[in-house]
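The structure appears below as structure tokens.
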Amino acid sequence: QVQLVESGGGLAQPGGSLKISCAASGSVSKIYAMGWYRQAPGKERELVAGITEAGSTNYTDSVRGRFTISRIDTKNTSYLQMNSLKVEDSAVYHCNALLQPRGGPKYLSVWGQGTLVSVSP
């Protein structure tokens, strides 16, 4: 069974930086796309950044130029480097991957449990 495990969240001050990671554990044949979503209290979950198998990236407007998504396929891992953090970036950040488990269906969407990012003076 494939699972996604996020790490690296925590507390930062406005203007600070954090880097969060998402690692796929279990037997994975292929990871097509990976993305980071966030959900703040009382708000809907939103896509923050995504990266395709080819390395193409996309960002929501509010983080473009401040956040960078990357992936290392040999480690089945995605990263989100967050710079110039703002209070409004505070949320639970969830990782998602569209992948093919070894011996499983061609496409499977898997979610991580989330990691909390708090930005406060």
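Some notes on this structure:
- For ALA33, net neighbour charge (Lys/Arg +1, Asp/Glu -1) across residues whose Cβ lies under 13 Å away: 0
- Restraint check, LYS30/LYS86; LYS19/LYS75; LYS43/LYS106, Cα-Cα greater than 24 Å: LYS30/LYS86; LYS43/LYS106
- Once the chain from LEU47 to ILE72 is taken as fully extended at 0.36 nm per residue, the excess over their C-alpha distance is 7.0 nm.
- Rounded to the nearest 10 square angstrom, LEU47 shows an accessible area of 70 square angstrom against a 1.4 Å probe.
- The Cα center of the stretch 1-47 and the Cα center of the stretch 68-83 differ in position by 9 Å.
- Net charge of Cβ neighbours under 12 Å - reference VAL63; Lys, Arg +1; Asp, Glu -1: 0
- Solvent-accessible area per residue in the chain equals 53 Å², computed with a 1.4 angstrom probe and all protein chains kept.
- Remark: spin-label model distance GLN100-ALA54 equals 1.8 nm, labels positioned 7 Å along the Cα→Cβ axis.
- Eigenvalues of the alpha-carbon gyration tensor of the chain, scaled by 5 and square-rooted, set the equivalent ellipsoid semi-axes at 26, 14, 12 angstrom, largest first.
- Extension gain from SER25 to LEU116, taking 0.36 nm per residue of separation minus the Cα-Cα distance: 30.7 nm
- When the chain is treated as a Gaussian network with alpha carbon springs shorter than 10 Å, the biggest mean-square fluctuation among ALA54, ALA40, ALA91 belongs to ALA54.
- Summed residue charge, Cβ within 14 Å of LYS19's Cβ, Lys/Arg positive, Asp/Glu negative: 0
- Applying 0.36 nm per residue to the separation of VAL5 and GLU88 and subtracting their alpha-carbon distance, the gain on full extension is 27.5 nm.
The values are calculated or read from the model by the stated rules, or taken from the named source; none is laboratory data. As the structure is a computational prediction, the values presented were derived from the model and not from experiment. So basically every Cβ, Gly included, is an ideal-geometry build from the backbone, and we count neighbours across all protein chains shown. Side chains included, ligands, DNA and RNA excluded: accessible areas come from the protein's heavy atoms. Shrake-Rupley method; radii C 1.70, N 1.55, O 1.52, S 1.80 Å.
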